[in-house]
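> A single structure is presented below for examination.
The values are calculated or read from the model by the stated rules, or taken from the named source; none is laboratory data. Quick caveat, the model's predicted, so the values are computed rather than measured. Ideal geometry is used to build each Cβ from the backbone, glycine not excepted, and the neighbour counts take in all protein chains shown. In case anyone asks, the SASA skips ligands and DNA or RNA and just uses the protein heavy atoms, side chains included. Shrake-Rupley method; radii C 1.70, N 1.55, O 1.52, S 1.80 Å.
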Amino acid sequence: MKLETLPETSALISECFPDAVLETHEHRGDETLVIDKSKFLKVCEFLRDDSRCNFEMMVDLTAVDRLEQDVKPRFEMVYHFKSLSLSKRLRLKVHLEEEDSNIDSIHHLWKAVNWYERECYDMYGIIFNNHPDLRRIMMYDQFEGHPLRKDYPMDRQQPISELREVEERNEYERSL
Amino acid sequence: MSLAGRQLDTLVTPVPKGDPDTSIMEIEIGPAHPAMHGIVRFTTQLDGELIVGMDPEIGYLHRGFEKESENSKWIQVIPYTDRLNYVSPLLNNIGYSMAVEKLYGIEAPRRAEFTRVIMGEISRITDHLTCVGAAAMEVGAFTFFLWFIKAREYLWELVEEVTGARLTTNWTRFGGNATDIPDGFLDALQERLNKVKEIIAECDNLLTRNKIFIDRVKDVGAISKEDAISFGFTGPMLRACGVPYDVRRADPYSVYDEIDFEVPIGSTGDCYDRYLVRMEEIRQSISIIEQASDMMPVGPIMTNERMLNYPDKKDVYGNIEGLIDHFKLVMEGHQPPAGEVYLPTEGGNGEIGFYLVSDGSGDPVRVRMRPACFNYVEAMPFLTVGHYVADIVPIFGSVNMIGGELDR
Amino acid sequence: MTTNYDGFLTTTFDNVVNWSRKFSLFQYPFVTACCGMEYMAAACSHYDISRFGAEIPRFSPRQCDVLWVVGTITHKMAPILKTVYEQMAEPKWVIAFGACASSGGFYQNYSVLQGIDRLIPVDIYIAGCPPRPEAVLDGLMELQERIQDDGPKVKNGMLNPQAMRHQEQKKDQLEKYFRIPDKEILENTQNPKSNRSAMPGYSNSTDHVVVNPRIGYNTPKGFREEDALKES
């Protein structure tokens, strides 16, 4: 990776944290960086505090499960940031193994992160270290499993209230 | 009044459970409350009528949008996006279709872009009308709800002429739109918008300088700029704090850079400013629609690219390439090239961004919508702690929480 | 509803009570999702649900007759719906408004209850996604008919007592107007009017020949009686 060919923020991060950046691309104009898990917290602090990047807003936090593509590592955390003063956007990615699916929480840097990380835990089962209140947010507590993982079947329902018998129901199967 | 030393870190209840101090009462403003906004449970801790802690619980309308999209084709996701922010469904449709077009790397034709702008702004107007109407009704001004719903009916009848449905429109496609605006639509639209302007002027007269209303909503639910940005506020909530951030100006998409409009901002970030910002945005949207109607070009509404649009029927039945294209498009679906995109657009509530991951086959790997009101409900404890119980109603009304967008 | 169906006074009393119930329905709008927008549209001035008497949404289940379940019900919300239904006092009716409340809609996944009739008994289903306000009003009118008749007209192949009475009344009226007296029937058989045979398709003869109408037309080979007769 030559520093001159990279877009601005990626060049900055590569300069300050040389061994943190694993990959970088700019597909369709979206600047993307893949960061090593151990340096992730420091990079985020740098992104928020340094005046050359100044990312005041954490826009989105989600994960992608790559089980069907047979790509290791399985989970990919995706963070989107926005700098209002410098009009820049950035996407940060961190790869997580299936057995070791935990990552540092950044809730102390941006206040919005708290609930987004709870949702990620609820849907994918990714543990966020040092999160103050990691519990389910979308599903009810009695739910077992993490629904957005690719190996959770879509139709498996876990009702918590007693359901009654309904006569003459046609069960239509989903077929694609 | 504000609670001294309001700690930003203790968003969850500061008083531990099981405390023998009975002056703190915990009540649940439960999911089935007069549900004009949706279903959210607020577990509040009260000292008399003063709120000392609050913990919102959401997820009561979690319908599995993301899981359903992963099990559909790309084009089958569009009806699901209608039901995300269901008061402004066209903005969701437009956001999603534009994100897929970004994945493909194409643009829709000019006429399609202008009609998208017009329909999107109509949707934005209906969103703000519903929000302000419901908020005013809950504060006690019932008339405005009826007037605004009447105004909304005028616009929905027009939306039905174009898309076929009042609410679940399912209108945009990849590379254009499904239907064109009929003849005489723009004139009818201008008439209806004049009526809407009259209704808004009447409401302005009655509400904006009304002492009762101002006492209810002024200095209630205020938030500072830095906190709002840290909480990820976007849209009218952030603009009421004084930050002139509008996705249509900051990251222009579609033809918004050719249209001249102002971005209204407030100063203190309380409920009154949000109400004023929303009313002014309705007027700005009307101005955008008028400009776009004047600039409306003539041309196709759908791109002619090979595997994006169904070929003409004379080609489908006429030559073998048309038949094969139609067959493959119906049976295998759209197959955008591998990659990932994030496209931010300005929804009715704030920035809604679609993050799409594709691997080149016809099945989406990940379809994610960044919800605008998730951040607002997350910040509800911060907005309400230190106020009274009766203030929850105007605060929650100004937040404009839409269940479909919050829980997806 | 165990009321005595015999006697004139009680039936009139029933009718009056049902009439008053159906035109003063207090609704509990259990609104969750997009159908709520169409519910608001039906309740407001353009489509006006209050002209049917169902104007006031009372947001307390103890004071309501009709539970409008508007929108998708998820498994997380189901216990709350059941609690609200159980808190309502008899007589109560339930309307499943929209596709999601009737059958789960097009959400068939881990979190959506596939129709609220798996949880509570439902009287009226209003289909649509979302249903137009006219459909809502049609559903409300259907509910009002049911309330007047004390239940659906036909259930398990049997009419309910009110509907049975209604049907007998109607049969009496029809017979009164259209019954042909015996004297006339006797006269028509003994002195048939000659112009009756001018009616098309009508024949006075008693021995009719059964003719296969398909002979002469292009029928598949297996159906031609002639060919079958020829082969045998």
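> What residue, of B:Thr168, B:Thr143, is over 25 Å from B:Met295 (Cα atoms), at the interface with chain C (Cβ under 10 Å from one of its Cβ atoms) and either of a type in the set (S, T, N, Q) or open to solvent by 40 Å² or more (accessible area, probe 1.4 Å) (or both)?
B:Thr168
> Of all residues in the stretch C:89-101, how many are more than 12 Å from chain B (Cβ to nearest Cβ) and open to solvent by less than 20 Å² (accessible area, probe 1.4 Å)?
Final tally of qualifying residues: 5.
> I want to confirm something. Restricting to the stretch B:338-364 and keeping residues that are surrounded by fewer than 21 Cβ atoms within 10 Å (Cβ to Cβ) and in contact with a Ser or Thr (Cβ under 7 Å, 6 or more places away or on another chain), which single residue is nearest to A:Leu90 (Cα to Cα)?
The selected residue is B:Gly339.
> In this structure, does B:Gly48 turn out to be open to solvent by 10 Å² or more (accessible area, probe 1.4 Å) and either assigned by TED's automatic domain parsing to the domain that holds B:Ile27 or more than 26 Å from C:Ala101 (Cβ to Cβ) (or both)? Quick ask: steps written out before the conclusion?
Values: open to solvent by 10 Å² or more (accessible area, probe 1.4 Å): yes; either assigned by TED's automatic domain parsing to the domain that holds B:Ile27 or more than 26 Å from C:Ala101 (Cβ to Cβ) (or both): yes.
Spelling it out, B:Gly48 is indeed open to solvent by 10 Å² or more (accessible area, probe 1.4 Å) and either assigned by TED's automatic domain parsing to the domain that holds B:Ile27 or more than 26 Å from C:Ala101 (Cβ to Cβ) (or both).
> Let me ask another. Within the group B:Glu101, B:Glu121, B:Glu153, B:Glu161, which residue is out of contact with any strand residue (DSSP E or B) (no Cβ under 8 Å at 6 or more places or on another chain) and open to solvent by 10 Å² or more (accessible area, probe 1.4 Å)?
On the way: B:Glu101 fails: open to solvent by 10 Å² or more (accessible area, probe 1.4 Å); B:Glu121 fails: open to solvent by 10 Å² or more (accessible area, probe 1.4 Å); B:Glu153 fails: open to solvent by 10 Å² or more (accessible area, probe 1.4 Å).
One residue alone meets the criteria, B:Glu161.
> Would you point out the residue of the stretch B:73-92, among those that are assigned to a helix (DSSP H, G or I) and more than 14 Å from chain C (Cβ to nearest Cβ), that is least open to solvent (accessible area, probe 1.4 Å)?
Within the stretch B:73-92, the match that is least open to solvent (accessible area, probe 1.4 Å) is B:Leu91.
> Additional query: Need pairs with beta-carbon distance below 6 Å; first residue open to solvent by less than 40 Å² (accessible area, probe 1.4 Å) and within the stretch C:11-25, second part of a loop (DSSP other than H, G, I, E, B); sequence gap 6+ or separate chains.
Close Cβ pairs satisfying both conditions: C:Asp14/C:Thr3; C:Leu25/C:Ala54; C:Leu25/C:Asp65.
> Would you pick out the residues in the stretch C:105-121 that are open to solvent by 10 Å² or more (accessible area, probe 1.4 Å) and of a type in the set (Phe, Trp, Tyr)?
C:Phe106
> Moving to a separate point now. Among the residues of the stretch C:117-134, write down those that are modelled with pLDDT of 90 or more and part of a helix (DSSP H, G or I).
C:Pro133, C:Glu134
> Taking B:Pro56 and the conditions (1) part of a loop (DSSP other than H, G, I, E, B); (2) at pLDDT 80 or above; (3) facing another protein chain (nearest Cβ under 10 Å), which numbered condition does it fall short on, given that it satisfies the others?
With respect to (1) part of a loop (DSSP other than H, G, I, E, B); (2) at pLDDT 80 or above; (3) facing another protein chain (nearest Cβ under 10 Å), B:Pro56 is out only on (1).
> Turning to a different aspect of this structure: Which residues, counting only those in the stretch B:75-102, are in contact with a Lys or Arg (Cβ under 7 Å, 6 or more places away or on another chain) and more than 24 Å from C:Cys129 (Cβ to Cβ)?
Matches in the stretch B:75-102: B:Lys102 only.
> For residues that are farther than 15 Å from B:His128 by Cα and touching a residue at least 60 places away in the same chain (Cβ under 8 Å), tally how many sit in the stretch B:252-287.
5
> Under 26 Å from C:Asp149 (Cα atoms) and either open to solvent by less than 50 Å² (accessible area, probe 1.4 Å) or at pLDDT 90 or above (or both), is that true of C:Asn4?
no
> Which members of the stretch B:222-248 meet the condition of being assigned to a loop (DSSP other than H, G, I, E, B), free of Cβ contacts under 8 Å to residues at least 24 places away in the same chain and not hydroxyl-bearing (Ser, Thr, Tyr)?
The answer is B:Val243, B:Pro244.
> Of all residues in the stretch B:249-269, which are open to solvent by less than 80 Å² (accessible area, probe 1.4 Å) and either in contact with a Cys (Cβ under 7 Å, 6 or more places away or on another chain) or part of a loop (DSSP other than H, G, I, E, B) (or both)?
Narrowing the stretch B:249-269 to residues open to solvent by less than 80 Å² (accessible area, probe 1.4 Å): B:250-256, B:259, B:261, B:263-264, B:266, B:268-269.
Those that are open to solvent by less than 80 Å² (accessible area, probe 1.4 Å) and either in contact with a Cys (Cβ under 7 Å, 6 or more places away or on another chain) or part of a loop (DSSP other than H, G, I, E, B) (or both): B:Asp251, B:Pro252, B:Tyr253, B:Ser254, B:Val255, B:Ile259, B:Phe261, B:Val263, B:Pro264, B:Gly266, B:Thr268, B:Gly269.
> Which of the residues spanning the stretch B:293-303 are of a type in the set (Gly, Ala, Ser) and assigned to a loop (DSSP other than H, G, I, E, B)? Write out each step before concluding.
Within the stretch B:293-303, the first condition is being of a type in the set (Gly, Ala, Ser), and the residues that meet it are B:293, B:299.
Correct list: B:Gly299 only.
> Given the options A:Arg89, A:Arg135, name the one that is more than 8 Å from chain B (Cβ to nearest Cβ) and open to solvent by 20 Å² or more (accessible area, probe 1.4 Å).
Going through A:Arg89, A:Arg135 in turn, the sole match is A:Arg135.
> Quick check on my filter: what residues within the stretch A:1-53 are surrounded by fewer than 16 Cβ atoms within 10 Å (Cβ to Cβ), within 14 Å of chain B (Cβ to nearest Cβ) and in a loop (DSSP other than H, G, I, E, B)?
A:Glu26, the sole residue that qualifies.
> Same structure, new question: Given the criteria touching a residue at least 40 places away in the same chain (Cβ under 8 Å), out of contact with any Ser or Thr (no Cβ under 9 Å at 6 or more places or on another chain), in a helix (DSSP H, G or I) and crowded, with 21+ Cβ neighbours inside 10 Å, does B:Val196 qualify?
yes
> Let me ask something additional. Any residue at all in the stretch A:156-174 that is more than 10 Å from chain B (Cβ to nearest Cβ), outside any strand (DSSP E or B), closer than 30 Å to B:Met380 by Cα and free of Cβ contacts under 8 Å to residues at least 12 places away in the same chain?
yes
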